[in-house]
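Just below is one structure, and these are the notes that go with it.
The values are calculated or read from the model by the stated rules, or taken from the named source; none is laboratory data. If you're wondering where the values come from, they're calculated on a predicted model, not measured in any experiment. Don't worry about glycine lacking a Cβ; one is built from the backbone with ideal geometry, like all the others, and counts go over all protein chains shown.
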């Protein structure tokens, strides 16, 4: 069974996909259960991923990366997430936010902050969500005020990947207060994690994604140089929204990898287990469950790869990214649910991968914009 075969994958993305598959088989999957139990950040696997050239390499060759395209990033995502979502997310987030800097930053900013990430000398993060605000990007309250030749940040950010581990984070903050232009009140900044007034701590242990660490950040008169503003003041909302079009397409790969893992685990289990004198897969009800899993997975994967091409070509990118993210992540939750049911009582044992897949699959429907918000985007941005 090769659910993630490359027949649907553009030719240019196939070599990287094979690299990711081999890396996942050697380094991610064999260590997944251990890291889930320990709940520790996988520094050793991250370093191996850097050595393999599979971390932070969406940065263009001009700045030291491999210039991975969106389809190449999608190919990596589905392979890594089939192996383990927690470790995969840590590898992915090591360069989170760098696309915003590369597209909108100055050459001086790129030399100081982008190139070290591409060289795997630093890791980054992205801080958007807040303790009381997630999907309402025009409702964030963390502020940045100009004071001489510095910006002063105050407020909180939540669910920040690498908020503790990163060398710097890209921070989305409020710089205006125009009630008639909600979307023009925000800007994006580079904030070194050693800046005065930057405080971060790990969010208490989660039920899933335990090898990935998220942080609660507090900015207490956190001062950064004025040149750490990325792009134009007031353009932050549109910069982050554009970034999420690519990010949500990659998140579709998270869902595909998790769905594939659920199908593989369920299929192996029912073929090996006997009941009433025959293997469980011989029961028609079980066959229908497995068929439903395939229907969910294959339709989601076809849509995801079509969407990746559309987003790469800037063809209604918000619409296609929302379609792909919603369909693939919900396919993952459906496949994980059926997989649990087919495992019966053994499904709740942490030693069985399906229990981890089930917990992990519940999260991508929420991050990078909860799926109800994606449905709003699908309706509003659909071609007419």
Q. Which residue, of 242, 231, is at pLDDT 95 or above and either in contact with a helix residue (DSSP H, G or I) (Cβ under 8 Å, 6 or more places away or on another chain) or in the same structural domain as residue 200 (by TED's automatic domain parsing) (or both)?
A. 231
Q.
Quick check on this structure: which one of 359, 294, 346 is farther than 26 Å from residue 211 by Cα, out of contact with any strand residue (DSSP E or B) (no Cβ under 9 Å at 6 or more places or on another chain) and surrounded by fewer than 21 Cβ atoms within 10 Å (Cβ to Cβ)?
A. 294
Q) Quick one: which helices (runs of 4 or more DSSP H) sit completely within segment 63-121 and have at least 1 residues that are crowded, with 24+ Cβ neighbours inside 10 Å and in contact with a strand residue (DSSP E or B) (Cβ under 9 Å, 6 or more places away or on another chain)? A) 85-93, 98-104, 115-118
Q | Restricting segment 122-147 to residues that are under 16 Å from residue 189 (Cβ atoms) and in contact with a helix residue (DSSP H, G or I) (Cβ under 8 Å, 6 or more places away or on another chain), the residue that is surrounded by the fewest Cβ atoms within 10 Å (Cβ to Cβ) | A | 146
(Q) residue 188 - would you say it is touching a residue at least 24 places away in the same chain (Cβ under 8 Å), surrounded by 17 or more Cβ atoms within 10 Å (Cβ to Cβ) and farther than 16 Å from residue 230 by Cβ? (A) no
Q. Taking strands (runs of 3 or more DSSP E) that fall entirely within segment 148-235, which contain at least 3 residues that are under 26 Å from the mean Cα position of the chain (by Cα) and within 30 Å of residue 356 (Cα to Cα)?
A. 150-161, 198-202, 214-225
Q: Would you check which residues across segment 52-62 are assigned to a loop (DSSP other than H, G, I, E, B) and on the phi < 0 side of the Ramachandran plot and list them?
A: 52, 54, 55, 57, 58, 59, 60
